[in-house]
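Participant: The structure's right below; bear with me while I get my questions together.
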Amino acid sequence: MRIGIDIGGTFTDFVIFDEESGEVRTHKLPSTPNHPAEAVLHGLDEVETGISPYIIHGSTVATNALLERKGARTALIATKGFRDVLAIGRQTRPDLYDFFVERPIPLVPEELRLEVNERVDSSGNVIMPLEEGGLENMVNALLDLNVDSVAVCLLFSFLYPEHERRIAQRLREKGLYVSCSCEILPEFREYERSSTTVINAYVAPIMSRYITHLEARLKTPDFYIMQSNGGTIRSDKILSEPVRAILSGPAGGVVGAQFVAGAAGFEKLITFDMGGTSTDVSLCDGEIRVTHEGGIGGFPVRIPVVDVHTVGSGGGSIARVDAGGVLRVGPSSAGAEPGPVCYGRGGVEPTVTDANLVLGRLAADRFLGGRMELDPGKADAALAALAKKAQLHPVSGLSFAQTAALGVIQVANAHMERALRVISVERGHDPQDFILVSFGGAGGLHATDLARAMGIPRVFVPKGASTLSAFGMIAADLLKDYVQTVMLPGDTSLEELEQRFEPLVERGMEELRGQGVPANRVSLYREMDMRYVGQGYEISVPLNRDFECTFHDLHKKRYGHSSPGIPVEVVNLRLRAVGAVPKPVVQRADLGSEDPEQALLDHRPVVLTGGKIHKTPFYVGESLQPGNKLNGPAIVVYLDTTAYLAVGDHAWVDEGFNLVVEVEHDA
């Protein structure tokens, strides 16, 4: 029995997969932001598996600690002369033409950035041995400073790690959490390596307490954590490298989207995950894209992460009027407590969910399958007050509240459309070649309008769309990524490169065996970061006999040109060790009648995209059968999500009980 658990800003999702029967069921309950583990434990009690389950958990604990700057009191130990690398950073700016842009304040304040006398050169040779006497004084100084965690990042430690290891040993003997860059990221680029190591140290004590608490309460030997790279890892292994779980929820969503869309025959995807707090988008052109240049909270994170772009627009995003009288939506969110106004839990500021309810696109009596009834009156009052504050004039035929609600949806859609353009058009991809995979609790209400604006021909709403991130966790393989900087010439022989990979291969096999993966289920993928001599950035190239030609081809594909006559170099070796796990089987049925009459709930007034009120059919999503066809306008109400079809949209239910929408672009 495998259970995927995803904690969102508003709801905590559970997907339960019985490997013997093949049955997959879902569960959902409000998150408990102040104590995230409580929702997890309460939900597990409610699903009642009856046996010790295999749990895969996507946690936002590390993410929230970093974004809210509520991590541990952290110190940094650096080579003498390099303690301010964190403050100096890079000269690049997030917005080139913004004269008022501010760099994020380093996670380690100046008084906690310490130095040691030691020096290693760029070839890994010791120029100055580690000064033992100074080391003892530094350890005592850290104890006097009451630090909880320490990041150790010495110059060229990825070539000669012994000095870092000796410092770490002394500090661990004193009971401190220690993160060494030679263990976290043995890779060149001093600032990125320091930033990643510091983030790891900053969240390690919090993540350790959270996981240890859950392990004690769960009492299961099979407790795994979803990683940002799209794979899972045993919980005790993540304790030393919590930075690898910093974006685990969005990664689970992309894995789940690729799995269900792939089973339906779609390979070119744009994933659209709209939850209660934020929206995550990604592009999969036949495979999940992984980047080594991610970031969070303005800090670079150099570990492999699924390439996801996030914006602060979700169902709980708060609508407000700024100082200039302009309507704004997000990034602030009502979250789970108090939540949108219509939840009736004390929320007073209108949200995107309130707007959808006022427009009639949500069935107040069937939210979460009827377990949670919404209050349209409170939402209407909140949006009417917003309209008055924004001095909006009602659209013909609409009330003040409906006019404000329509504006809120349009503003939120504009934010999400920009995010979709970032990962598609701005990277040279034509949206017409892709299908938009919509999931998350709020995604289906906005997907068709966004697809229309982007020129995307189809929208795919998978069965279980609201809990797809948790589903992705039970579909994800065990996975470990390794990297080592080598700086070798491009004409290095294949045999020597394979020999250089051997230590990484041995580590990968050993660690996966330690997590119970038999050797016949382990796959190893070798890649090299390559560049032209003199370039500042690299391209990852699979290891093969023609790797140099492959590099030129990939360079031309990405940048539009290549220079086969210029020497190249191999910068980093990368190994991905994958331990395959049994996959859920997607339920399928033969296509039947096109008539969806058996799923028709009733007809209700809905404010459509153009601002007209139309008596619209509402269908019960779980009652739709493969082969059923729907014509917009229509609303499809599932137990945990809702899909909106505009005028001219045509949808059908495929063999896997997924909703496929053909978007009308002239609507």
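The values are calculated or read from the model by the stated rules, or taken from the named source; none is laboratory data. Just so it is clear, the model here is predicted, and its values are computed rather than measured. All Cβ positions, even for glycine, are placed from backbone atoms using ideal geometry, and neighbour counts span all protein chains on display.
Participant: Every residue in the range 25-63 that is under 22 Å from residue 641 (Cα atoms), over 20 Å from the mean Cα position of the chain (by Cα) and β-branched (Val, Ile, Thr), please.
Facilitator: Residues satisfying the conditions are 26, 47.
Yes/no matrix, rows are residues, columns are (1) among the acidic types (Asp, Glu); (2) closer than 22 Å to residue 61 by Cα; (3) not in a helix (DSSP H, G or I):
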residue	(1), (2), (3)
221	no, yes, yes
236	yes, yes, no
260	no, no, no
269	no, no, yes
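Participant: Conditions: (1) touching a Phe, Trp or Tyr at 6+ places or on another chain (Cβ under 6 Å); (2) of a type outside the set (A, V, I, L, M, F, W, C); (3) over 20 Å from residue 452 (Cβ atoms). Residue 629 meets all but one. Number of the miss?
Facilitator: (3)
Participant: Can I ask one more? Please specify each residue of the range 603-631 satisfying the condition of being assigned to a loop (DSSP other than H, G, I, E, B) and closer than 23 Å to residue 369 by Cα.
Facilitator: Kept after step one, since they are assigned to a loop (DSSP other than H, G, I, E, B), are these residues of the range 603-631: 608-612, 624-628.
Result: 624, 625, 626, 628.
Participant: Another question, then. Has the range 582-605 got any residue that is among the β-branched types (Val, Ile, Thr), farther than 30 Å from residue 358 by Cα and at pLDDT below 95?
Facilitator: So far as the range 582-605 goes, yes, one or more of its residues are among the β-branched types (Val, Ile, Thr), farther than 30 Å from residue 358 by Cα and at pLDDT below 95.
Participant: Here is a list: 465, 447, 519, 451. Which entry is buried (at least 19 other Cβ atoms within 10 Å of the Cβ), of a type in the set (A, V, I, L, M) and modelled with pLDDT under 95?
Facilitator: 465
Participant: Could you please give the count of residues in the range 327-343 that are at pLDDT below 90 and out of contact with any strand residue (DSSP E or B) (no Cβ under 6 Å at 6 or more places or on another chain)? Quick ask: steps written out before the conclusion?
Facilitator: Applying the first criterion (at pLDDT below 90) to the range 327-343 yields 330-339.
Filter again for out of contact with any strand residue (DSSP E or B) (no Cβ under 6 Å at 6 or more places or on another chain), leaving 331, 335, 337-339.
So the answer is 5.
Participant: Same structure again: Kindly list, by first and then second residue, each pair from a residue in the range 210-226 that is at pLDDT 85 or above to a residue that is loosely packed, with under 13 Cβ neighbours inside 10 Å, limited to pairs with Cβ atoms under 8 Å and residues at least 6 apart or on different chains.
Facilitator: Pairs that qualify, where the first residue is at pLDDT 85 or above and the partner is loosely packed, with under 13 Cβ neighbours inside 10 Å, are 222/52.
Participant: Separate question: Please enumerate the residues belonging to the range 102-149 that are aliphatic (A, V, I, L, M), touching a residue at least 40 places away in the same chain (Cβ under 8 Å) and either closer than 16 Å to residue 85 by Cα or loosely packed, with under 14 Cβ neighbours inside 10 Å (or both).
Facilitator: Scanning the range 102-149 gives 107, 108, 116, 145.
Participant: Quick check: anything in the range 88-98 closer than 26 Å to residue 242 by Cα, surrounded by 18 or more Cβ atoms within 10 Å (Cβ to Cβ) and touching a residue at least 24 places away in the same chain (Cβ under 8 Å)?
Facilitator: Yes, because at least one residue in the range 88-98 is closer than 26 Å to residue 242 by Cα, surrounded by 18 or more Cβ atoms within 10 Å (Cβ to Cβ) and touching a residue at least 24 places away in the same chain (Cβ under 8 Å).
Participant: Being in contact with a strand residue (DSSP E or B) (Cβ under 8 Å, 6 or more places away or on another chain), crowded, with 21+ Cβ neighbours inside 10 Å and farther than 30 Å from residue 436 by Cβ is the requirement here; does residue 508 meet it?
Facilitator: yes
Participant: Same structure, new question: Identify all residues within the range 491-519 that are of a type in the set (S, T, N, Q) and touching a residue at least 12 places away in the same chain (Cβ under 8 Å); write none if there are none. Please lay out each step first, then the result.
Facilitator: So in the range 491-519, the residues of a type in the set (S, T, N, Q) come out as 492-493, 499, 515.
The answer is 492, 515.
Each row is one residue, and each column tells you yes or no for (1) of a type in the set (D, E, K, R); (2) surrounded by fewer than 23 Cβ atoms within 10 Å (Cβ to Cβ); (3) touching a Phe, Trp or Tyr at 6+ places or on another chain (Cβ under 8 Å).
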site	(1), (2), (3)
157	no, no, no
164	yes, no, no
188	no, yes, yes
195	no, no, yes
201	no, no, yes
206	no, yes, no
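Participant: Cβ-Cβ under 6 Å, sequence separation 6+ or interchain: first residue in the range 579-595 and closer than 30 Å to residue 513 by Cβ, partner basic (Lys, Arg). Which pairs?
Facilitator: That search, which allows pairs on different chains as well, returns 579/521; 580/521.
Participant: Moving to a separate point now. Would you mind finding the one in 660, 636, 606, 647 that is surrounded by fewer than 19 Cβ atoms within 10 Å (Cβ to Cβ), touching a Gly at 6+ places or on another chain (Cβ under 6 Å) and not acidic (Asp, Glu)?
Facilitator: When all the criteria are applied, what remains is 647.
Participant: Take the residues in the range 545-598 that are in a loop (DSSP other than H, G, I, E, B) and of a type in the set (Asp, Glu); name whichever of them is farthest from residue 477 (Cα to Cα).
Facilitator: My answer is 595.
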